[in-house]
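Nothing in this text is a laboratory measurement; each read-out follows from the coordinates by a stated rule. Nothing here was measured: the structure is a model prediction, and the numbers come from that model. In this analysis, Cβ positions are derived from the backbone assuming ideal geometry, glycine residues included, and neighbour counts consider all displayed protein chains.
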Amino acid sequence: MSNLKLTSPSLGPIHDELHLRRRKKFAKWMLESTNGGPSVALFHSGKEKIRNGDNYYPFRSSSDFFYLTGFPEPDAWLLITCNEKENFSDTIFCLPKDPLQELWNGFRVGPNNAAKKFFFRKSYSIDMLGKELEKKLVSSKNLFFPFSESHEIDTVVKTIIKKIKNQSRGKKIPPERFIDVAQAIANLRLVKDNKEIDTMKKAAQISSLGHIRAMKFCKPGITEYQIEAELLHEFGKSGAQSVAYPSIVASGPNSCILHHKAGKRILQESEIILIDAGCEIEGYASDITRSFPVSGYFSSPQRQIYEIVLAAQKAAIQATKPGADFSDPHSAAVKILSQGMMDIGLIKNNSLDEIIDKELYKQFYMHRTGHWLGMDVHDVGDYSKPLQPGMILTIEPGCYVRPSTDVDKSFWNIGIRIEDDALVTDSGCALLTRKVPVEISEIESLINQ
Ligand code: GLY
Ligand code: MN
Ligand code: MN
């Protein structure tokens, strides 16, 4: 087998047979869920989207398509067929070679190379999709595809089914069953293999460097945008292909807006800055948040809230282990946060049980403590599954105090979130992002270096 490592500007090196193994695993599920009936599955990488004029947004493949193929180009289609006898075949349809298009917009693999280099049984130009799909569909009982996720897939399926029905006057029969692939692929993606874990460690490492750079750069008088520029510089310089999501750089009152995108606000000395940013490598995300004082030294109210959130995060980390429910880290964090809110007087005249049972803590902590992390920053996967080694999730408690007459003014506009990426291991969890400090003394000494 060849050792090909193609590089795409958006999604990085390709890992050849790994993707073939994934397609075979998926086909096994297709067979099992249909008792071996002849079946077809259809996936699309996505289309490039126009930004304006002749400009396109950077292309990023559909995660499911990329998970199964490693094929980096827009407008590529994957067709998997299987039945009891032949078991498995896979075909890629992709953009044809075109010297003029390639001169302007870059290299295309082309149908002649696609099968060889990406381990598909067959490959065709995209112009052949309709004809080939029609042939497969008239001999299949089941059609698998991601429901309502792609306008292109919905349209192709509808058009071809209609064509089969209209043209053959009942002699040809389209598949009887349509099956959504979303849950099956999500299950495959939920537990990461060693290659995925290595890639995510790399993404976590680069994002950590970005946060460290941003912390060192931070000072009063600069804008949120300028901090974002430092993050992007470090991500790109260190080998990331993209951000995993738009960077959240939130100063002062903006720190209490959960997903505030970096803007032109100027950082003031007395304020908190909350940075939630992560890069993407080879299609895999990282997701880190740190919150710290612009001045480089925590004021007493900032310190009080920070210490509560940090204690909540430590409790959630302890609760992240094999066999635990996904909600266990959240429950552990909520307990510490609620106690802390009571201790510093954010919530008065209620017992700890009342604060938790009546969800009074939601005035200051209104989101969950984590989410699956993988190809998508909020990754796919069943949240009712117990934690098991190889799963990766975020642990991100917070406390956000917006101006309110029932709250001491010294706490207003302090928004703190601390977020790390955790790999579930045999005995607990390993944090992938702790190169960026979280302890107050470490943060202060890094900023003031
Ligand atoms: N970066 C978005 C989140 O933490 O969920
Ligand atoms: Mn997150
Ligand atoms: Mn985040």
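Pair-distance distribution of the range 342-448: all C-alpha pairs, bin width 5 Å, starting at 0; shares per bin in whole percent are 2, 10, 15, 16, 16, 16, 14, 9, 2, 0.
Normalised by the number of residues in the range 126-179, the mean separation of alpha-carbon contacts (under 8 Å, six or more apart) gives a relative contact order of 51 percent. For the chain, a Gaussian network of Cα nodes joined below 10 Å ranks Trp372, Trp412, Trp77 by mean-square fluctuation, and the top entry is Trp412. Between the range 274-288 and the range 372-408, the C-alpha centres lie 14 angstrom from each other. Taken about its Cα centre, the chain carries a charge dipole of roughly 1820 debye when the Cβ of each Lys and Arg holds +1 and the Cβ of each Asp and Glu holds -1. Using R₀ = 56 Å, calculate the FRET efficiency as 1/(1 + (r/R₀)^6) where r is the Cβ-Cβ separation of Ala186 and Lys131; round to 0.05. After rounding, the FRET efficiency stands at 0.95.
Residues Ser331, Ser238, arranged from fewest to most other Cβ atoms within 10 angstrom of their Cβ, appear as Ser331, Ser238.
For Lys122, the aspartates and glutamates whose Cα falls under 18 Å of its own Cα, not counting residues fewer than eight places away in the same chain, are Asp16, Glu17, Glu73, Asp75, Glu86, Asp90, Glu132, Glu134. Taking the charge dipole of the chain about its Cα centre, with +1 at Lys and Arg Cβ atoms and -1 at Asp and Glu Cβ atoms, the residue from His19, Gly278, Pro99 reaching farthest to the positive side is Pro99.
Just want the ordering: Cys256, Cys399, from fewest to most Cβ atoms lying within 10 Å of their own Cβ.
So the ranking, lowest neighbour count to highest, is Cys256, Cys399.
Partner lysines whose Cα lies under 28 Å from the Cα of Lys358, excluding those fewer than 8 positions away in the same chain, are identified as Lys314, Lys321, Lys335, Lys348, Lys385, Lys409. Over all other residues within a Cβ to Cβ distance under 14 Å of Gly415, the charged ones net out to -1, with Lys and Arg as +1 and Asp and Glu as -1. For the chain, adding -39500 (n - 2.57) for each run of n ≥ 4 DSSP H residues and dividing by the number of residues yields -11500 deg cm²/dmol at 222 nm.
For the chain, what does the relative contact order come out to in percent, with C-alpha contacts under 8 Å and a separation of six or more? If you can, show how the numbers build up before the last one.
Values: 934 pairs, mean separation 59.4, N = 449.
Relative contact order of the chain: 13 percent.
Here the spin labels are modelled as points 7 Å beyond Cα on the Cα-Cβ line, and at Gln449 and Leu103 they lie 4.9 nm apart. Between Ala250, Gly36, Ser61, the Cα set farthest toward the positive side of the dipole of the chain (charges on each charged residue's Cβ, about the Cα centre) is that of Gly36. In the chain, one over the average inverse separation of all distinct C-alpha pairs is 24.1 Å, which is the Kirkwood hydrodynamic radius.
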